[in-house]
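Undergrad: Dropping the structure in here first, questions after.
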Amino acid sequence: MFTIIIKDVTVLSAIGSLLAIIMVIAQRRLSNYGDCKIDINGKRELVIKGGNSLLSSLSDKQIFLPSACGGRGSCAACKCKVISGGGPILPTEKPLLTKAELAAGDIRLACQVKVKSDIKIEIPAGIFNIRRFNATVTEIIDYTYDTKGITFKFADGEKIDFLAGQYVQLETKPYGKVKQGVIRAYSISSKPEINSSLQLIIRYVPEGICTTWVHQHLKLGDTVSLTGPYGDFFLRDTDADIIYVAGGSGKAPIKSMLEHLAVIGCKRKMTYFFGARTTKDLYLTDEMHAFEKVFPSFEYVPVLSHSEQGDGWTGKTGFVMPYFKDAIRDPKNTEAYLCGSPGMINAVTKALIEEGIPKDKIYYDSFG
């Protein structure tokens, strides 16, 4: 009896092993999509090995769609138009697509679309100007207890052409228990006129993979990879008055804009509201007030939401929105540039619209 049981177990084990081998072979054959073509805007064709995401397939060919989450399907920055060959919209995409995009059916998240056959896509022409740069850390400034300014110098001969307000994506390296690098987006805080290097302002986020790497592991002389420039948050070339609103590290793109305007000579009326919790969260205050002597009509207005007794603060307190009315002289001829958390962006946008500023003249860069 025992011998029979042993034989049965052996036969079943052999069958199980055979089935496993068959499944592995089948999986390999089914996953082998061979060479696939990516038709871009009907003007450029790439030949890639099928099986990877559209995002990574393009990246392998040095075409970089924005992807603040590193291709994990949570930021929706890598949206593009897939004309054919992308398959049905996946459940992972639907929550990040608008009703109009779902109805159109051709807007997809490139990180979720798997290239299994020839595919036709449309992307903005500006994407072709995005490049990967190797850079060295040349300066680290502690602006506050949780905010650093990092300067990256590109390899000899490398230059980046960007508009004030745009951002780059920083690629981290493994550290400690973090075994894989991640990609995160940060606004450029330096002026476009300096294109052989750039500065980023990065605020520490507890347990944030990238910010922990920057604040606790990144050192002078380290080399990193950056891709960019990205984004449609940039100064419009008009003569309209400007309202800037930022909080925390949202100061970065506004700093870039002001430094650029100082170079070209700007005569527009500008007011910059910077929201912070306490005095220890303020930084670059003297530098921002210095612009009041550079421009003929500029005011820097820091506002503390949690001013503490004995901190010596004599400036404005509370939220920034109640102070807009006194800064706006002609709402129909005013532009607003906002950078901060989604909650701040929504509240400020609502207040600006109530003051009469057209919605299509409110530009923002929202980050979580």
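Undergrad: Considering only residues that are without any contact (Cβ under 8 Å) to a residue 24 or more places away in the chain and within 16 Å of Ser189 (Cα to Cα), which ones fall in segment 138-178?
TA: Ile141, Asp142
Undergrad: Any chance segment 60-67 includes a residue that's touching a residue at least 24 places away in the same chain (Cβ under 8 Å), of a type in the set (A, V, I, L, M), assigned to a strand (DSSP E or B) and at negative phi? Walk me through it before giving the result.
TA: So the first thing to find is which residues in segment 60-67 are touching a residue at least 24 places away in the same chain (Cβ under 8 Å), and the list is 62-67.
Filter once more, keeping what is of a type in the set (A, V, I, L, M): 63, 65.
Now narrow it down to the ones that are assigned to a strand (DSSP E or B): none.
Within segment 60-67, not a single residue is touching a residue at least 24 places away in the same chain (Cβ under 8 Å), of a type in the set (A, V, I, L, M), assigned to a strand (DSSP E or B) and at negative phi.
Results for (1) of a type in the set (D, E, K, R); (2) in contact with a strand residue (DSSP E or B) (Cβ under 9 Å, 6 or more places away or on another chain); (3) in a helix (DSSP H, G or I); (4) within 19 Å of Leu304 (Cα to Cα), shown as yes or no for each residue.
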{"position": "Asp239", "(1), (2), (3), (4)": "yes, no, no, no"}
{"position": "Ser256", "(1), (2), (3), (4)": "no, yes, yes, no"}
{"position": "His260", "(1), (2), (3), (4)": "no, no, yes, no"}
{"position": "Val263", "(1), (2), (3), (4)": "no, no, yes, no"}
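Undergrad: All but one of (1) buried (at least 16 other Cβ atoms within 10 Å of the Cβ); (2) farther than 27 Å from Ser53 by Cα hold for Gln112; state the number of the condition that does not hold.
TA: The failed condition is (2).
Undergrad: How many residues does segment 192-235 hold that are in a strand (DSSP E or B), crowded, with 21+ Cβ neighbours inside 10 Å and β-branched (Val, Ile, Thr)?
TA: Total satisfying the criteria: 3.
Undergrad: Could you say which residue among Lys332, Lys251, Lys267, Lys280 is basic (Lys, Arg) and surrounded by 13 or more Cβ atoms within 10 Å (Cβ to Cβ)?
TA: Of the residues listed, the single one that is basic (Lys, Arg) and surrounded by 13 or more Cβ atoms within 10 Å (Cβ to Cβ) is Lys251.
Undergrad: Can you name the number of the only condition in (1) part of a strand (DSSP E or B); (2) at positive phi; (3) not small (Gly, Ala, Ser) that Ile83 fails?
TA: (2)
Undergrad: Tell me whether segment 283-306 contains one or more residues that are touching a residue at least 40 places away in the same chain (Cβ under 8 Å) and under 28 Å from the mean Cα position of the chain (by Cα).
TA: Taking every residue of segment 283-306 in turn, at least one turns out to be touching a residue at least 40 places away in the same chain (Cβ under 8 Å) and under 28 Å from the mean Cα position of the chain (by Cα).
Undergrad: A follow-up question, please. Are any of the residues in segment 260-278 assigned by TED's automatic domain parsing to the domain that holds Asp330 and within 30 Å of Ile63 (Cα to Cα)?
TA: Within segment 260-278, one or more residues are assigned by TED's automatic domain parsing to the domain that holds Asp330 and within 30 Å of Ile63 (Cα to Cα).
Undergrad: Moving on. Looking at (1) charged (D, E, K, R); (2) closer than 26 Å to Ile127 by Cβ; (3) touching a strand residue (DSSP E or B) at 6+ places or on another chain (Cβ under 6 Å), which is the only condition Asp232 fails?
TA: Tallying (1) charged (D, E, K, R); (2) closer than 26 Å to Ile127 by Cβ; (3) touching a strand residue (DSSP E or B) at 6+ places or on another chain (Cβ under 6 Å), Asp232 fails exactly one: (3).
Undergrad: Name the residue, out of Val245, Val224, that is assigned by TED's automatic domain parsing to the domain that holds Phe154 and either of a type in the set (A, V, I, L, M, F, W, C) or in contact (Cβ under 8 Å) with a residue 12 or more places away in the chain (or both). Spell out how you get there, then give the answer.
TA: Working: Val245 fails: assigned by TED's automatic domain parsing to the domain that holds Phe154.
Selected residue: Val224, the only one of Val245, Val224 that is assigned by TED's automatic domain parsing to the domain that holds Phe154 and either of a type in the set (A, V, I, L, M, F, W, C) or in contact (Cβ under 8 Å) with a residue 12 or more places away in the chain (or both).
Undergrad: Test Ile89 against the criterion of being within 22 Å of Phe128 (Cα to Cα), surrounded by 16 or more Cβ atoms within 10 Å (Cβ to Cβ) and in contact with a helix residue (DSSP H, G or I) (Cβ under 9 Å, 6 or more places away or on another chain), and give yes or no. Don't jump to the end; show me each part of the working.
TA: Values: within 22 Å of Phe128 (Cα to Cα): no; surrounded by 16 or more Cβ atoms within 10 Å (Cβ to Cβ): yes; in contact with a helix residue (DSSP H, G or I) (Cβ under 9 Å, 6 or more places away or on another chain): yes.
No: the conditions fail for Ile89.
Undergrad: Something else: Go through (1) of a type in the set (A, V, I, L, M); (2) surrounded by fewer than 17 Cβ atoms within 10 Å (Cβ to Cβ); (3) over 30 Å from Ile38 (Cα atoms); (4) over 16 Å from the mean Cα position of the chain (by Cα) one by one and return the number of the condition Ala104 breaks.
TA: (3)
Undergrad: For the list (1) in contact (Cβ under 8 Å) with a residue 24 or more places away in the chain; (2) under 29 Å from the mean Cα position of the chain (by Cα); (3) surrounded by fewer than 19 Cβ atoms within 10 Å (Cβ to Cβ), I need the number of the one condition that Thr349 fails.
TA: Single failed check for Thr349: (1).
Undergrad: Oh, and also: Are any residues in segment 31-75 at pLDDT 90 or above and charged (D, E, K, R), and if so, which ones?
TA: Selection gives Asp35, Lys37, Asp39, Lys43, Arg44, Glu45, Lys49, Asp60, Lys61.
The values are calculated or read from the model by the stated rules, or taken from the named source; none is laboratory data. Being a predicted model, the structure only gives us computed values, none of them experimental. FYI the Cβ positions are ideal-geometry reconstructions off the backbone, even for glycines, and counts take in every protein chain you see.
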